[in-house]
């Protein structure tokens, strides 16, 4: 019961970050499961696919009701992603747990870089003219690649899906954000099925509790996000996940070198703290407060 409660609380925090930033919250699920709740890497990746998939499915339904989901492009990208996720789930069975977490750390650091760069695409997509076959091949290739990573490391890859949908799918930014949730849902479903067929364990009670908490957190984060500076939020979260990626990478590399667990944890934690402080100072992140309208519940005019 205590494990379920702790997982739910931490998932609430991850969901808040998802609502605040429009992405990135799922990157926290695997570390929570492995380093806080003590789950095996393969079990954590499979369980995270349940949490990320359910949270994305609820988001998809919400955007679909508003008419923002581009179903044709999303399904095309998603089917390619499902094939990649199925392969990733199978490959993960043969990869040592420490190497899986090293790969996950790489995904975390890539996400941080994408966040720091921002999304250099216009609100209305202007896709260069190119032959239809080349355009289709780009969508399928990128969909497969994102799905492969999803199945392998258990993260949704939203920061890769959105630019790909804009640049290769020809979607506007709002449409790409909404459609990316459909793609992530499909990828997670395929990756989870493949992981289960490969014998990966899933704690269904924990996954269900964490999913509910993550969904509630994302709704709360969406509301809170209206009163914060998007730029400061993005930089702060990017700094945090740079430190998280550094922690996982160093911790698992030291494990591969047979460094005692406690010593590896202290070294990795100290390095991560230093990276976080340096990153915040380098980026010039300053604390921001929500606007009065969010505090008292009123809404300012657009």
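The values are calculated or read from the model by the stated rules, or taken from the named source; none is laboratory data. Not measured: the values here are computed from a predicted model. Note: ideal-geometry Cβ built from the backbone for every residue, glycine included; neighbour counts use all protein chains shown.
Here residue 46 qualifies as at pLDDT 85 or above and either surrounded by 18 or more Cβ atoms within 10 Å (Cβ to Cβ) or closer than 19 Å to residue 240 by Cβ (or both). Of the residues making up region 259-302, those that are farther than 22 Å from residue 106 by Cβ, at pLDDT 80 or above and assigned to a loop (DSSP other than H, G, I, E, B) number 1.
Only one of the numbered conditions (1) over 19 Å from the mean Cα position of the chain (by Cα); (2) assigned to a helix (DSSP H, G or I) is violated by residue 68, and that is (2).
Go through the residues of region 13-31 one by one and say whether even a single one is closer than 26 Å to residue 140 by Cβ, modelled with pLDDT under 85 and part of a helix (DSSP H, G or I). Within region 13-31, one or more residues are closer than 26 Å to residue 140 by Cβ, modelled with pLDDT under 85 and part of a helix (DSSP H, G or I). Look at (1) touching a helix residue (DSSP H, G or I) at 6+ places or on another chain (Cβ under 8 Å); (2) at pLDDT below 80 and you find that residue 213 fails only one, number (2). Against the numbered list (1) touching a helix residue (DSSP H, G or I) at 6+ places or on another chain (Cβ under 7 Å); (2) modelled with pLDDT of 85 or more; (3) closer than 23 Å to residue 85 by Cβ, residue 208 comes up short only at (1). From 82, 54, 39, 107, grab the single residue that is buried (at least 19 other Cβ atoms within 10 Å of the Cβ) and within 19 Å of residue 240 (Cβ to Cβ). Exactly one residue qualifies, and that residue is 107.
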